[in-house]
1. What are the residue pairs meeting all of these: first residue in region A:241-262, first residue assigned by TED's automatic domain parsing to the domain that holds residue A:275, second residue modelled with pLDDT under 95 and part of a loop (DSSP other than H, G, I, E, B), Cβ atoms under 6 Å, and 6 or more apart or on different chains?
2. Restricting to region B:28-51, name every residue that is under 14 Å from residue B:106 (Cβ atoms), in contact (Cβ under 8 Å) with a residue 40 or more places away in the chain and part of a loop (DSSP other than H, G, I, E, B).
3. Restricting the search to region A:18-41, which residues are farther than 18 Å from residue A:112 by Cα, surrounded by fewer than 20 Cβ atoms within 10 Å (Cβ to Cβ) and more than 10 Å from every other protein chain (Cβ to nearest Cβ)?
4. Mind listing just one residue for me: the one in region A:47-65 that is touching a helix residue (DSSP H, G or I) at 6+ places or on another chain (Cβ under 7 Å) and more than 14 Å from chain B (Cβ to nearest Cβ) and, of those, surrounded by the fewest Cβ atoms within 10 Å (Cβ to Cβ)?
5. Can you confirm whether residue A:219 is over 30 Å from residue A:14 (Cα atoms) and either part of a strand (DSSP E or B) or over 15 Å from the mean Cα position of the chain (by Cα) (or both)?
6. Can you find even one residue in region B:108-121 that is part of a loop (DSSP other than H, G, I, E, B) and either surrounded by fewer than 23 Cβ atoms within 10 Å (Cβ to Cβ) or away from chain A (no Cβ under 14 Å) (or both)?
7. If you go through region B:53-63 one residue at a time, how many are buried (at least 24 other Cβ atoms within 10 Å of the Cβ) and within 7 Å of chain A (Cβ to nearest Cβ)?
8. Which residue, of A:15, A:78, is under 19 Å from the mean Cα position of the chain (by Cα), crowded, with 18+ Cβ neighbours inside 10 Å, in a helix (DSSP H, G or I) and more than 10 Å from every other protein chain (Cβ to nearest Cβ)?
């Protein structure tokens, strides 16, 4: 593979130091994104800072109404933690779709968000859960709403010299239920097109939508939250007309690229169908929960 | 690029070698340590033929930097047979059931199966297919492979 300068950081301060030391210095965590791009000669960073030897960045813990996840926790570590399985089943469900078991043992949760693959499975679930990321840089720490974190195709709002340190996921109300699925033609190594996560909380009547959050991937340059549909659904009950309407909203919101096998119109159509299906399943889970 | 000295623990043996930071574990195993049982096919983390276990968990060694494997217990296909040369139950079953055609995917299939059965000793066929879904056999001999995993599960319970 191509050559690069290589640093091994022992602390996040050392990472920041390395990142501001010059142009095109990139963070290496699980490596499943960046090394793959480098192997294929699609990307040529000057230097990599390996953060995997920094201790204390793998935690998954409950804290004050949130779950805090250290950036280096792998997909399987997050998915397999009882805390996540019980309190954030939507996230567990989404992570089980990612690539293969091997990659889930390697790829980190912080890495996958910073990589900003628009076909992510993790991102839609974390968007629906209203996650925030904590980044640290030479100017100190800041928190960013995940919905404002993705900027463009494989691009985030991370400034040069910033590294993703932690993901904070607010615990949804116990009554809220979610569902994630994606259109896929294979069981392993497929890409979401789309991936849809919906989290619904119903009023006491088990019919009226108190709040709903929708995360979407695979049908545009970034993963996104579908706020227009969320606002439309609030206060309503499930009905074929409202399913039709959220399908229309998603078609009007996304801007997918044309590919050889899939036209942009087809992608819009399938995004609408999957949003309607995932909404229906999440709604049914929420209305049948005790 | 400067070489770095790393201490790799592979199949219970310790290897002191110099590697460059851009060298992947799969290539180091094959070219520097002569452990050629591990294959590389797609070389992109997709096909599963380079599967090795790091601390018991399957990973793609074609995407794992050798410098990152330091400090972990690496198990390759060469590490499955016992000291007196007796094959592991999974290897026996792959032979008995004819689950090998060209053989290129086999090491990865066996390593994936080994780690899977360690965790799930009584799997259903559905679970076996799910567990092997990330390992590709281009001879498409999946039926025999699934049979071999079922057989290995039975053998390992005895």
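The values are calculated or read from the model by the stated rules, or taken from the named source; none is laboratory data. From a predicted model like this one, the values you see are computed outputs, not experimental measurements. Methodologically, a virtual Cβ is constructed for each residue, glycine included, from the backbone with ideal geometry; neighbour enumeration extends over all protein chains shown.
1. Final answer for the pair search is A:254/A:219; A:254/A:220; A:255/A:220; A:256/A:219; A:256/A:220.
2. Within region B:28-51, B:37, B:38, B:39, B:41, B:47, B:48, B:49, B:50 meet the criteria.
3. A:20, A:21, A:22, A:23, A:24, A:41, listed by residue number.
4. A:62
5. Taking the combined requirement at face value, the residue does not satisfy it.
6. Among the residues of region B:108-121, at least one is part of a loop (DSSP other than H, G, I, E, B) and either surrounded by fewer than 23 Cβ atoms within 10 Å (Cβ to Cβ) or away from chain A (no Cβ under 14 Å) (or both), which makes the answer yes.
7. Number satisfying all stated conditions: 4.
8. Values: A:15 fails: under 19 Å from the mean Cα position of the chain (by Cα).
Within the list A:15, A:78, the selection yields A:78.
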